[in-house]
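Peer 1: Please see the structure below; I have some questions.
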Amino acid sequence: MINVDIDISAAVLALGLVFALTGAIFLQSCSLLSGSRQWLCRVLSRKALPDYAKLTGVPAPKPLHNFDAARARPYRPFRWEYHQNMSLSEFEPNWWIELESTYLLTIAQRKKLYADHGKLIIDELEGSREASRECMEMVIQYICQRYPNQFRYNDWTGVFTNEILHTQVDITAIHPLIFLLEHVPEDFFIVQEDPLTGLYRMTAGIACSAIGWNIGHKIGKPLGEIHDPVPDYKEKMALSVDRYDPRGDVIGSPYFSKLPCDKPIQRGAWSLEVGEPLFFQKDSPKWHHRSRQDPDLLTSDIFLRVDWQTLRRLPRSRAIVFNFKALFTPITDFRQEPYIPRLLLKVLREGKKSMMEYKESWHTEHKVIPALEEWAKEQEQKGWVPSDWKERTLDEHPFYPGWKDHYPIHD
């Protein structure tokens, strides 16, 4: 038996030499083997990606084959009572990178934003490239597993195939952040520990989904400074994230230092917008529209924007990757979503003033609040919501009761 194993291993090595110039054939022959002999094939291929599911302890996603008509799940991260906290949700391995049928449009929009704005969209600091490349590799492996009909990666050649865009790219010859910009409709921040201060700061990133800020405002800053505009951050959230000395200076980030690879977290932030603004800056001529209530604004032109976010540690570089996507839903959809009009109405009417001002939704509320009142009353009359229901965070948070009936792709 020992002699047979040696003969088989020798044959595998010989195959590697014979087919060195035709790697696809070589890898096909590898797939017929198992165990240690497949390992030998991967070693010979040299461009195979690490098994990130094994390295992180997070299960690989289930393949999703019928992606073409996919819609993003209906995230409604409304809470009551509404307090400022991290509001973390358990990570769902199947939904780390969530693609929609709008993929082509979104990718084209991202490319144009980068062409127009350059370093306001993508930037990096020295020493971050290794972490960015690891993030790119993890994303490639994930989307190829989750969407096998749309994406493929060749372990021998290092070529990624995108069947939606009908393109191929050698991932060893492209900047990892450019790859993510051009193939994945999500934004990514790389956050790394500063060895001198112990603070975690943003060292690289892509930000196409940014309202009132851009990468230039965040790059190089520790997380406490990045979140400085957020109401109640220092009073209610910073103590759970950062460590302070007696003078009140931040001297470390124990939360991020202790975040394990196998415990990613997710959360959602929301706002109400006119239209679907993705990258919208304060120097835009239209920015002043957010400071007035347009009497001619149509309810059908108002959208819920949700930034659904994931925070996870990379296993090799030990950097933290923070990725998020902006999802837009016309608020008219709320009419058919039980409890959502009542719950959002409560938040808009009685939410803490500083938080409501931070969300900058005032320019829509003169139209949103009357519509929510009407739809909430309709839902009570239809028996969807009890008239004596006390507003609270829904058990289905961040969704709503019965949402799966309208979204067939939810597993």
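The values are calculated or read from the model by the stated rules, or taken from the named source; none is laboratory data. All values derive from a computational prediction rather than experimental measurement. Note that we place each Cβ from the backbone using ideal geometry, even for glycine, and neighbour counts take in every protein chain shown. Areas reflect the complete protein model, heavy atoms only, side chains present, ligands, DNA and RNA absent. Shrake-Rupley method; radii C 1.70, N 1.55, O 1.52, S 1.80 Å.
Peer 1: Just how large is the dipole of segment 72-401 about the Cα centre, in debye to the nearest 20, putting +1 at every Lys and Arg Cβ and -1 at every Asp and Glu Cβ?
Peer 2: Using only the charged Cβ atoms, the result is roughly 340 debye.
Peer 1: Next up: Over 26 Å between Cα atoms, which of Lys111/Lys286; Lys112/Lys218; Lys286/Lys404 qualify?
Peer 2: Lys286/Lys404
Peer 1: Hey, another quick one. Glu396 versus Ser354, label points 7 Å from Cα toward the beta carbon: distance in nm?
Peer 2: 3.4
Peer 1: For a quick check: with amide H placed at 1.01 Å from N, whose amide H comes under 5 Å from Ala326's, ignoring anything fewer than 5 positions away on the same chain?
Peer 2: Placed amide hydrogens put nothing under 5 Å from Ala326.
Peer 1: What length, rounded to one decimal in nm, is gained on full extension from Glu378 through to Gln168, with 0.36 nm per residue of separation minus their alpha-carbon distance?
Peer 2: 70.5 nm
Peer 1: How much of Tyr358 can a 1.4 Å solvent probe reach, expressed as accessible area in Å² and rounded to 10?
Peer 2: About 110 Å², ignoring ligands and nucleic acids.
Peer 1: Using the per-residue mean of other Cβ atoms lying within 10 Å as a proxy for protection, in what order, highest first, do the peptides 102-115, 135-148 fall?
Peer 2: Result, highest mean Cβ count within 10 Å first: 135-148, 102-115.
Peer 1: How much of the accessible area of segment 273-372, in percent, comes from carbon and sulfur atoms when a 1.4 Å probe is used?
Peer 2: 50
Peer 1: Among 268-275, 292-299, how do they line up by average Cβ neighbours within 10 Å per residue, starting with the highest?
Peer 2: 268-275, 292-299
Peer 1: Let me ask another. What accessible area per residue, rounded to a whole number of Å², is obtained for segment 92-144 using a probe radius of 1.4 Å?
Peer 2: Accessible surface, normalised per residue, equals 45 Å².
Peer 1: How far apart, in nm, are the 7 Å Cα→Cβ label points at Phe91 and Phe328?
Peer 2: About 3.0 nm, to one decimal.
Peer 1: Can you list the trypsin sites (Lys or Arg not before Pro) in segment 362-411 that are in a DSSP coil and have 13 or fewer other beta carbons within 10 angstrom?
Peer 2: Loop-located and lightly packed - Lys382, Lys390, Arg392.
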